[in-house]
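Taking it in order: structure first as structure tokens, then the write-up.
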Amino acid sequence: MLAAAIGIPVLVAFQVWSTARRDDRTSSDVILVLGAAQFNGRPSSVLEARLTHALELYRQGVAPRIVTVGGNIPGDHFTEAGTGRHWLNHQGVPLSALHAVPIGNDTRQSIVAVGKELRDHGWKSAVIVTDPWHEFRSTAMARDNGIQAHPSPNRSGPTVDNRDTESRYIVREIGGYLYYELCRAVC
């Protein structure tokens, strides 16, 4: 049991770390931008870093459309998905290439909602854009929801500022992934 208690988190840490370093720009149906905080319709620095990376992928022709995802909290007048869609449109992406899924206040809720939305449109593959340390859990959840997921983490913004920040995010993602797997097994 001791070996499992130590070995499993170490294995997950390695998977989080190695997925964070992959940039899979496989041609896909969509570029999927996971939500992050927005402030009265303006993307936070975390969300803007993700959107900037998605814009780069779109301009390189990785996918013909970008899907933004994420809801809001009570009292908010804007959603993460809507804010992302507006920001990308303001950067020159036509509205016809943008699709917002304004559902979810955490990764699981958002991925479940976007999985249904992609199936409804007949879209199967997605390049997932999120922070490097969030990429392993996000792509695992996407695959569990029927999405052919390819990780392409953003490389700028506050989540990649320094080693202390990176270490905190890796520890957080180990816990998040193990919790997700535990819930899948018993819920």
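Quick notes
- Surface accessible to a 1.4 Å probe, per residue, for the residues of region 1-68, Å²: 51 Å²
- In the chain, Cα pairs under 8 Å separated by at least six residues give a relative contact order of 26 percent.
- Calculated [θ] (222 nm, deg cm²/dmol) that DSSP helices of n ≥ 4 give over the chain, each run adding -39,500 (n - 2.57): -16500 deg cm²/dmol
- Using only alpha carbons, region 69-133 has a radius of gyration to Kirkwood radius ratio (Rg to Rh) of 0.97.
- Seen from Leu178, the other residues with C-beta closer than 14 Å to its C-beta sum to a net charge of +2, counting Lys and Arg as +1 and Asp and Glu as -1.
- Sulfur and carbon atoms: percent of accessible area, region 133-187 [1.4 Å]: 52 percent
- For the chain, the Stokes-Einstein estimate of translational diffusion at 4 °C and a viscosity of 1.567 mPa s comes to 78 µm²/s, using the Kirkwood hydrodynamic radius over alpha-carbon pairs.
- More than 17 Å apart - percent of Cα-Cα pairs taken over region 128-187: 44 percent
- Per residue accessible area in Å² of region 145-187, where ligands, DNA and RNA are left out and the probe is 1.4 Å: 60 Å²
- Other residues lying with their Cβ under 13 Å from the Cβ of Ser45 contribute a combined charge of -1, Lys and Arg counting +1, Asp and Glu -1.
- Alpha-carbon Debye profile of region 21-76, log10 I(q)/I(0) at 0.13, 0.14, 0.19 Å⁻¹: -0.36, -0.42, -0.70
- Counting only protein heavy atoms and using a 1.4 Å probe, the accessible area of Ser18 comes to about 40 Å².
- Counting protein heavy atoms only, region 28-68 has 46 percent of its accessible area on carbon and sulfur, 1.4 angstrom probe.
- The local environment of Tyr58, defined by Cβ-Cβ distances under 13 Å, has a net charge of +3 under the rule Lys, Arg +1 and Asp, Glu -1.
- Accessible surface, 1.4 Å probe, highest first, among residues Asp131, Asp164: Asp164, Asp131
The values are calculated or read from the model by the stated rules, or taken from the named source; none is laboratory data. As the structure is a prediction and not an experimental result, all values here were calculated from the model. FYI the Cβ positions are ideal-geometry reconstructions off the backbone, even for glycines, and counts take in every protein chain you see. Quick note on the areas: whole protein, heavy atoms, side chains included, nothing else; ligands and nucleic acids left out. Shrake-Rupley method; radii C 1.70, N 1.55, O 1.52, S 1.80 Å.
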